[in-house]
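K.L.:
The following block contains the structure, expressed as structure tokens.
Just so it is clear, none of the values below were taken in a lab; they were calculated from the coordinates. Since we're looking at a predicted model, the values are computed, not measured. Here the Cβ positions follow ideal geometry from the backbone for every residue, glycine too, while neighbour counts run over all protein chains shown.
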Amino acid sequence: MLIGTHALSPVVISVFGGALLKYPLKGREFVLIACMGAAPDLLNPHLSLAARHSSWSHSLVGFAVVIGSFFVVAGLIRKVRVRVLCWSAFAYLWHLTCDWFSGGIPYLYPIRKDLIGGGWLSSAYWLYADAFFILLSIMIWKYKSLVSHQKSA
Ligand SMILES: [Zn+2]
């Protein structure tokens, strides 16, 4: 899938999830979640599916290293709330899940080169998914701005 879906779909899910769990998130926290959602592609940029299939950041090993490091740094600076850490870990795993669904991932790379997943979502639909999540994110942002403006008035 493309970077827009990877960055924005976990943000959309965390907006609704945070509201449902009564743990709303703040604006900057959504940026962090979006970055962690895009992290596997940002850490190991690739254009081809074959390149993704030899990408350490698209494996559970990469997930453990990146999220473990992120948790340690966040613990040291004490500026990130635990719920944001959890949503960030979810965003990274969500990226791997989306890629698992749309072409497969090397789940234990570099330890093993086996792939899991498949091409159940054709690359022909990836751009539509990006457009959907961009539009949905804009609508949510506008709605939240409207609601907060009405509350302050
Ligand atoms: Zn990816």
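K.L.:
In whole Hz, what ³J(HN,Hα) sequence does region 53-64 give by Karplus (6.51, -1.76, 1.60; θ = phi - 60°), x for Gly and Pro?
P.N.:
6, 10, 9, 5, 6, 9, 10, 5, 5, x, 4, 4
K.L.:
Report the local net charge at G117: Lys and Arg +1, Asp and Glu -1, summed over other residues whose C-beta lies under 13 Å from its C-beta. Each step should come with its number before you reach the end.
P.N.:
Numbers: positive: R52; negative: D99, D114.
Once all neighbours under 13 Å are counted, the net charge is -1.
K.L.:
Let me ask something else about it. Calculate the length of the line joining the C-alpha centroid of region 54-103 to that of region 3-30, in whole Å.
P.N.:
Spelled out, the Cα-based centre of one part sits 15 Å from the other.
K.L.:
Fewest Cβ neighbours within 10 Å first, please rank S148, S59 accordingly.
P.N.:
S148, S59
K.L.:
Separate question: Residues with amide H under 5 Å of Y107's amide H, sequence separation 5 or more or different chain, H placed in the peptide plane at 1.01 Å from N; which?
P.N.:
Amide H neighbours of Y107: I116.
K.L.:
How charged is the neighbourhood of C98? Take every other residue with its Cβ under 14 Å from the Cβ of C98, and add Lys/Arg as +1 and Asp/Glu as -1.
P.N.:
With Lys, Arg at +1 and Asp, Glu at -1, the net is -2.
K.L.:
Using the Karplus equation 6.51 cos²θ - 1.76 cosθ + 1.60 (θ = phi - 60°), what ³J(HN,Hα) coupling, rounded to whole Hz, does each residue of region 121-131 give in order, writing x for Gly and Pro?
P.N.:
10, 4, 5, 5, 9, 5, 5, 5, 5, 4, 4
K.L.:
Here is a further query. Using a 10 Å cut-off around each Cβ, can you sort Y125, Y109, Y92 from fewest to most neighbouring Cβ atoms?
P.N.:
On the way: Y125 12, Y109 20, Y92 24.
If I rank by nearby Cβ atoms, fewest first, I get Y125, Y109, Y92.
K.L.:
For every helix of n ≥ 4 consecutive DSSP H residues, a contribution of -39,500 (n - 2.57) applies; sum these over the chain, divide by its total residues, and give [θ] at 222 nm rounded to the nearest 500 deg cm²/dmol.
P.N.:
The helix contribution divided over the chain gives -23000 deg cm²/dmol.
K.L.:
Let me check I've understood the local charge: for A7, count other residues with C-beta under 13 angstrom from its C-beta, Lys and Arg +1, Asp and Glu -1. What total comes out?
P.N.:
Numbers: positive: none; negative: D41, D130.
The answer is -2.
K.L.:
Additional query: Return, for the Cα atoms of the chain, the radius of gyration and Dmax in Å, separated by a comma.
P.N.:
Rg, Dmax (Cα atoms, Å): 16.4, 58.
K.L.:
Using a Cα-Cα cut-off of under 25 Å, which lysines could be cross-linked to K22, ignoring same-chain neighbours fewer than 8 residues away?
P.N.:
Excluding near neighbours in sequence, the set is K79, K142, K144, K151.
K.L.:
What order do you get for F16, F63, F132, F30 when you list them from fewest to most C-beta neighbours inside 10 Å?
P.N.:
With the sparsest Cβ surroundings first, the list reads F16, F132, F63, F30.
K.L.:
Can you compute the charge dipole magnitude of the chain about its Cα centre, using +1 on each Lys and Arg Cβ and -1 on each Asp and Glu Cβ, nothing else charged? Give it in debye, rounded to the nearest 20.
P.N.:
That gives the chain a dipole magnitude of about 700 debye.
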